[in-house]
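Participant: I am attaching a structure below and will ask some questions about it afterwards.
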C-alpha cells in the first residue's frame with residue numbers, strides 16, 4: 001500500500017511531455033495556458049478536459065494548448081508572458097493571484113481561518129469583490145477554488161509560537177509580502193525557491209518549511225522535517241485566469257457555454273485534491289511523520305501573533321476595506337455558531 005501511494009504521489013511530480021501540439025485550424029482562436037501543476041495531477045487533468053470541451057463546444061473555433069509542469073515558467077513568468085501576449089492564460093496559486101491583485105494576500109494571512117467550512121463561506125462571499133479587482137487588472141477569472149491547505153513542517157517539535165523562533169523558516173522569494181509577516185512576527189526567514197528547498201534542508205540553511213501536505217509528501221521533504229503542526233497555516237487557492245484580450249477574442253455567444261464547461265470540468269477537482277492530501281498525510285505518518293496538536297492556549301497565541309504581524313500589510317499590500325470585509329464575514333459566521 002505504501003509503495004503504491006508513494007508511486008501515486010510521485011506521478012504528481014512528473015514533468016509534462018514536450019511533444020509538439022497539433023497545428024490549429026485556419027481561423028481558430030488559439031488559447032495557450034501555462035501551469036506549474038504536473039500534467040497528470042488533478043489540475044493537469046482538469047485543464048485537458050477544459051481544452052477538449054472548449055474545442056467541442058466551439059466546433060474547433062477555440063483551441064486550447066496546455067503547457068503544464070512549469071514549461072511556461074514560474075507564476076511570475078506566466079504573468080509576464082500573458083501581458084506580452086505569448087500566453088493567453090495561466091493557473092495561479094495565492095502567490096500568482098496576489099501578484100496580479102495584492103488584496104488577495106489577505107486570505108494568506110497565517111491562522112486567519114479556523115476551519116475549512118468558514119473559509120469556504122467567506123471566500124464565496126469575497127469572490128465577486130476579488131474578481132472585479134482582478135478584472136480591473138486585465139484578467140478574466142474562469143474559475144478558482146480551494147486547492148489544499150498549507151502546514152508547518154519542522155526538524156523538531158513546535159507547539160508554541162515561541163518554539164518556532166529557534167528555527168530558520170524557508171520562504172518563497174516570490175512572495176515578499178508573506179515574508180514580511182513572518183519577520184514582523186519575530187522569526188528568522190530564508191528566502192529561496194522550491195528547487196532550492198531540499199539543498200537548504202540538507203545543509204541546515206533552513207529547519208522549518210510550510211507547504212501543502214501533498215507537496216511535502218511527494219517531494220519527500222518531510223523526511224528532513226518530520227514534525228508537522230496540526231492546525232493549518234493558510235488555504236491554498238488555485239485559479240484559472242485568461243487575459244481580458246484573449247477572452248474578448250472568443251465570440252461572445254460562446255462565453256457562457258465555455259464558462260459552464262469550465263465549471264463542470266472543475267467540479268470534482270476540490271474533492272480529488274483533498275483526498276490526495278489526506279492520503280499524503282497518512283503516508284507520511286506511516287513513514288515517520290509526527291503530528292502535533294497544540295493546546296487551545298497555544299493555538300490562540302498563534303492566531304494573535306499572526307494577526308499582529310499582518311497589521312503592517314494593511315494599506316501597503318491590501319486595503320483596510322478588504323481586510324475589514326473579510327473579518328466582518330468571519331465574525332458573522334462565528335457569531336452565528338456561538339464561537
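We did not get these values from a lab; they are worked out from the coordinates using the rules stated. The structure presented is a predicted model; accordingly, all values stated were derived computationally and were not measured. With ideal geometry, Cβ positions are generated from the backbone for all residues, glycine too; neighbour counts draw on all protein chains shown.
Participant: Applying 1/(1 + (r/R0)^6) with R0 = 22 Å to the Cβ-Cβ distance of residue 165 and residue 308, what FRET efficiency is obtained, to the nearest 0.05?
Facilitator: Details: r = 15 Å, r/R0 = 0.67.
Given R0 = 22 Å and the Cβ-Cβ separation, E is 0.90.
Participant: For the peptides 206-217, 254-265, what is the packing order when you average, over each peptide's residues, the other Cβ atoms within 10 Å and list the highest mean first?
Facilitator: Details: 206-217: 23.9, 254-265: 15.5.
By packing density, highest mean first, the sequence is 206-217, 254-265.
Participant: For a quick check: sort 171, 30 by the number of other beta carbons within 10 angstrom, fewest at the front.
Facilitator: 30, 171
Participant: State, as an integer percentage, the relative contact order of the chain based on alpha-carbon contacts under 8 Å between residues 6 or more apart. Spell out each step's value before the answer.
Facilitator: Details: 547 pairs, mean separation 82.0, N = 339.
About 24 percent, as a whole number.
Participant: On to the next question. How would 279, 271 line up from fewest to most surrounding beta-carbon atoms within 10 angstrom? Write down the numbers at each step before the final one.
Facilitator: On the way: 279 16, 271 10.
The most exposed by this proxy come first: 271, 279.
Participant: Using just the helices of the chain, give the 222 nm mean residue ellipticity in deg cm²/dmol: DSSP H runs with n ≥ 4 each add -39,500 (n - 2.57), and the total is spread over all residues, rounded to 500.
Facilitator: Taking each H run of at least 4 residues, the total per residue is -14000 deg cm²/dmol.
Participant: DSSP beta bridges in the chain, what fraction antiparallel, as a percent rounded to 5?
Facilitator: Details: 21 of 39 bridges.
Bridges in the chain that DSSP calls antiparallel: roughly 55 percent.
Participant: What ranking do 165, 155 get, fewest neighbouring Cβ atoms within 10 angstrom at the top?
Facilitator: Numbers: 165 13, 155 18.
Ranked by crowding around the Cβ, least crowded first: 165, 155.
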